[in-house]
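A short write-up of the structure that comes next.
The values are calculated or read from the model by the stated rules, or taken from the named source; none is laboratory data. Since this is a predicted model, take the numbers as computed values, not measurements. Every residue, glycine among them, receives a Cβ derived from its backbone with ideal geometry; neighbour counts consider all protein chains shown.
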Amino acid sequence: MPPRQNQNPGTDADQPNTPQSPINPPDNATPCAHPKDFTQGFAEGIEHGIRLGQAKVLRRQLALRFGHIPAWAHQRLEDAAASDLDAWTDRVLDRQQLEEILEQQG
């Protein structure tokens with residue numbers, strides 16, 4: 001049986017052993033403007049993910065302690081800076097009211 005001929009020359013079928021991934025992008029991929037932009041974006045994404053995880057844990061702690069969490073508290077958790085989340089995570093252990101825990105740092 002003769003080898004199969006590629007119907008579309010210049011496609012990936014011409015190079016079956018060349019993986020296409022972010023590490024090994026195709027030749028026609030648009031490069032990042034600058035590697036530093038990628039590194040900064042990656043770091044910001046990691047920080048954002050950590051902040052979301054910290055807010056999720058704090059939300060769970062507050063729900064276990066106080067039951068229903070009002071909409072204003074959910075919004076405050078979503079908008080919080082990492083420093084606020086750190087302070088609130090500490091306060092959840094010894095403050096008696098939700099409002100005391102979610103006070104903004106001054």
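Inspect region 79-88 for any residue being surrounded by 10 or more Cβ atoms within 10 Å (Cβ to Cβ), hydroxyl-bearing (S, T, Y) and modelled with pLDDT under 95 and give the result as yes or no. Looking through region 79-88, none of the residues is surrounded by 10 or more Cβ atoms within 10 Å (Cβ to Cβ), hydroxyl-bearing (S, T, Y) and modelled with pLDDT under 95.
The residues on offer are N24, N6, N17, and the sole one that is surrounded by 10 or more Cβ atoms within 10 Å (Cβ to Cβ) and at pLDDT below 75 is N6. Look at region 76-99: where a residue is at negative phi and a partner is β-branched (V, I, T) and assigned to a helix (DSSP H, G or I), sitting 6+ places away or on another chain with Cβ atoms under 7 Å, you get W88/I101; R91/I101; V92/I101; R95/I101. Just one of (1) over 13 Å from L102 (Cα atoms); (2) more than 14 Å from the chain's Cα centre (by Cα) trips up K56, so point out which. Going through (1) over 13 Å from L102 (Cα atoms); (2) more than 14 Å from the chain's Cα centre (by Cα) one by one, K56 breaks only (2).
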